[in-house]
Amino acid sequence: MTSSPQIAPDTKDWTWVLDRSCPECGLDAGAVDRADLGALLRDNADAWQRVLATPEASRRPEPTVWSPTEYAAHVRDVHRMFSGRVALMLTEDDPTFENWDQDETAVAERYDLQRPEQVAPELLAAAEAVAASYDGVAGEAWDRRGTRSNGSVFTVETLGRYHLHDVVHHLWDVRWVGAPGATG
């Protein structure tokens, strides 16, 4: 495959998930205990391993919807990006994060050509690194701030909850994998 159909960019501002449950995936990120973030991110990464081991992992359910492997590559990169943001927040006073265009990254990194057997261990490693970062946060460090390029302000705690929603939601996006009638 030399090129894939264009995926519609996600232009939503998802920060509202910090204030109320997501009606799609069901996660109430605001109710998550910050002490559980690392474990929950690891559990999510383990669930991705099962998805990536299925025959459907590289199949797009529709031409303009990412395959499970493309979603997993995105989740891997989300973990990497959040790991960098947490590190900045813990070492700098109120850093401003560089803009990250997830759609541009998907095209530039050719998510459509990545293989599940490559993405699976990379996702696990990225999740473990950022989970360990959250595990190491204590006391007032949870309140350290950072600002996204669009002006949204996060604390380490709210960033972690926002991060968790992102990866949980994407696992929900591929809930069809392994369902009766799903074939590769």
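The overall shape of segment 66-137, judged from the alpha-carbon gyration tensor, is oblate: a/c is not under 1.5, and a/b is no greater than b/c. In this simple spin-label model, placing a label point 7 Å from the Cα along the Cα-to-Cβ direction at both A108 and T91 gives a separation of 2.1 nm. Model label sites at A129 and T155, defined 7 Å from Cα along the beta-carbon direction, differ in position by 2.7 nm.
Taking Cα atoms only, the orientation of helix 116-135 departs from the longest principal axis of the chain by about 10 degrees.
Around G30, what is the net charge, scoring Lys/Arg as +1 and Asp/Glu as -1 over all other residues with Cβ under 12 Å from its Cβ? After counting each charged neighbour, the total is -1. Against the longest alpha carbon principal axis of the chain, how many degrees, from 0 to 90 and to the nearest 10, is the axis of helix 68-91 turned? Computed tilt is about 10 degrees. I want to verify a result. In a Gaussian network model of the chain, Cα cutoff 10 Å, which of these has the top mean-square fluctuation: E122, E92, E140? Evaluated over the chain, the most mobile residue of the options is E140. Each Lys and Arg contributes +1 and each Asp and Glu -1, all at the Cβ; summed about the Cα centre of the chain, the dipole is approximately 380 debye. Here the label points at R34 and D46, each 7 Å from Cα along the C-beta direction, are separated by 2.5 nm in the simple model. Only protein atoms count toward the accessible area here, which uses a 1.4 Å probe; on the chain, the carbon and sulfur part of that area reaches 51 percent.
Given springs between every Cα pair under 10 Å in a Gaussian network model of the chain, which of S83, S149, S58 has the largest fluctuation? Maximum among the listed residues: S149.
Ordering Y111, Y162 by accessible surface, largest first, gives Y162, Y111; the 1.4 Å probe counts only protein heavy atoms, with every chain in place. Shown here: Cα extents along the principal axes in Å, derived from the displayed model; of the candidates (1) 49, 41, 29; (2) 49, 30, 28; (3) 52, 37, 30, it corresponds to (2). Relative to the longest principal axis of the Cα atoms of the chain, the long axis of helix 37-52 makes an angle of roughly 10 degrees. Here is how the number arises for the chain: DSSP H runs of 4 or more residues each give -39500 (n - 2.57), the sum is divided by the residue count, and the result at 222 nm is -15500 deg cm²/dmol.
The values are calculated or read from the model by the stated rules, or taken from the named source; none is laboratory data. Keep in mind that this is a model prediction, so the values were computed, not measured. Ideal geometry is used to build each Cβ from the backbone, glycine not excepted, and the neighbour counts take in all protein chains shown. We work out accessible area using only protein heavy atoms, side chains counted, and drop any ligands, DNA or RNA first. Shrake-Rupley method; radii C 1.70, N 1.55, O 1.52, S 1.80 Å.
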